[in-house]
Amino acid sequence: MELAGFLLILSLCATSTHAQITLVFANNAQGTAGGRRFDSVVGAQGAFTILSDAITFVQSTFDYSNPSTPKKSVSRITFTVDDIGGVAYTSNDQIHLSASYVGNYSGDVAREIRGVMFHEMTHVWQWNGRGSAPGGLIEGIADFVRLKANLAPSHWVKPGAGNRWDQGYDVTARFLDYVNSLSAGFVAKLNAKLATGWSESYFQDLTGKSVGTLWSDYKKKYSYSLDSGSTQNIQK
Ligand SMILES: *[C@@H]1O[C@H](CO)[C@@H](O)[C@H](O)[C@H]1NC(C)=O
């Protein structure tokens, strides 16, 4: 019995390498509809391809080829499909994707899985201001990377939406994309600064404008095209 269990684990796990990084994949939800859907749509080889593409894209977005960029040291990344709720999460270089999310997703599930994995892969490589950066900024940066990879899903808010710059996810990603368009490489430079700490003044340091001014400029830019939300009148 023990031998059979051991072989079963071996058959569920696969490894690959990306540069010096060992990639480990396992589908722990093959007994669920979502786990089986993952295998038919992506599979182990597809998972390694996405992981590898995501590493390359995240490192490029964060300007990892620049010698002065502070880089995360990562030797092993584990990706598992699990019988869990929610969408996905990452902790200690271990990416977990919810099988039921995959099973229930209506739309282009292959593109959605790729988008979620680019978001989660960003968490592996990004800095968080030694734990002091706002969670909304961390999630916004992860969705910014997903946006730049052309993997934003149709259910995201439109540019200009949201109530606060650090609301997180798609709201903050759209705002960061605006700031990045004003100041080339802004997000990469912000991530580099987050290696040692966090201050709102980083926005001022990198763009010459406070985050509050940037947010109000952003809201003004899009106020005419927003079809929902409060009335915001442009002062003439
Ligand atoms: C849909 O989600 C529910 C709740 O998480 C789950 O029990 C069910 O198995 C999912 N369906 C599929 C096809 O994955």
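The values are calculated or read from the model by the stated rules, or taken from the named source; none is laboratory data. Keep in mind it's a predicted model, so treat the numbers as computed, not measured. We place every Cβ from the backbone using ideal geometry, glycine too, and count neighbours over all the protein chains shown. Quick note on the areas: whole protein, heavy atoms, side chains included, nothing else; ligands and nucleic acids left out. Shrake-Rupley method; radii C 1.70, N 1.55, O 1.52, S 1.80 Å.
Helical runs assigned H by DSSP (4 residues or longer) give the chain a calculated mean residue ellipticity at 222 nm of -15500 deg cm²/dmol, each run adding -39500 (n - 2.57) before division by the residue total.
Averaging the sequence gap over all C-alpha pairs within less than 8 Å and six or more residues apart, then dividing by the number of residues, gives the stretch 130-236 a relative contact order of 28 percent. Residues in the stretch 99-236 average 47 Å² of solvent-accessible surface per residue, probe 1.4 Å, ligands and nucleic acids excluded.
The order of the peptides 50-56, 171-177, 64-70, 74-80 by mean Cβ neighbours within 10 Å, most packed first, is 171-177, 50-56, 74-80, 64-70. Checking the cross-link pairs Lys158/Lys193; Lys72/Lys193; Lys148/Lys219; Lys71/Lys221 against a 23 Å limit on the alpha carbon distance flags Lys158/Lys193; Lys71/Lys221 as lying beyond it. Each residue of the stretch 110-122 is assigned a 3J(HN,Hα), and the resulting list reads 5, 5, 5, 4, 4, x, 4, 5, 5, 4, 5, 5, 4 Hz, derived from the Karplus form 6.51 cos²θ - 1.76 cosθ + 1.60 (θ = phi - 60°), x at Gly and Pro. The HN-Hα couplings worked out from phi for the stretch 43-57 by the Karplus form 6.51 cos²θ - 1.76 cosθ + 1.60 (θ = phi - 60°) are x, 5, 5, x, 5, 5, 4, 5, 4, 5, 4, 5, 4, 4, 5 Hz, whole numbers, x standing for Gly and Pro. Annotation for the stretch 100-158 versus the stretch 168-210: alpha-carbon center distance of 17 Å.
Please report the relative contact order for the chain, taking Cα pairs under 8 Å with a sequence separation of at least 6, and give it as a percent rounded to a whole number.
Result for the chain is 16 percent.
Phi-derived couplings, Karplus 6.51 cos²θ - 1.76 cosθ + 1.60 at θ = phi - 60°, listed residue by residue for the stretch 167-174: 5, x, 6, 4, 4, 6, 4, 4 Hz, with x used for Gly and Pro.
What order do you get for 88-97, 205-214 when each peptide is scored by the mean count of other beta carbon atoms within 10 Å, highest first?
Peptide ranking by packing, descending: 88-97, 205-214.
Determine the sum of side-chain charges near Leu147: Lys and Arg each +1, Asp and Glu each -1, restricted to other residues whose C-beta is under 9 angstrom from that of Leu147. Surrounding charge for Leu147 is 0. Evaluated over the Cα positions of the chain, the convex hull gives a direction-averaged projected area, one quarter of its surface, of 14.8 nm².
Quick one: pull the percent of accessible area on the stretch 29-109 belonging to carbon and sulfur, 1.4 Å probe, ligands and nucleic acids left out.
46 percent
Report the local net charge at Lys209: Lys and Arg +1, Asp and Glu -1, summed over other residues whose C-beta lies under 12 Å from its C-beta. In short, -3.
Annotation: amide H-H contacts under 5 Å for Asn27 (H modelled 1.01 Å from N, sequence separation of 5 or more, or interchain): Val81.
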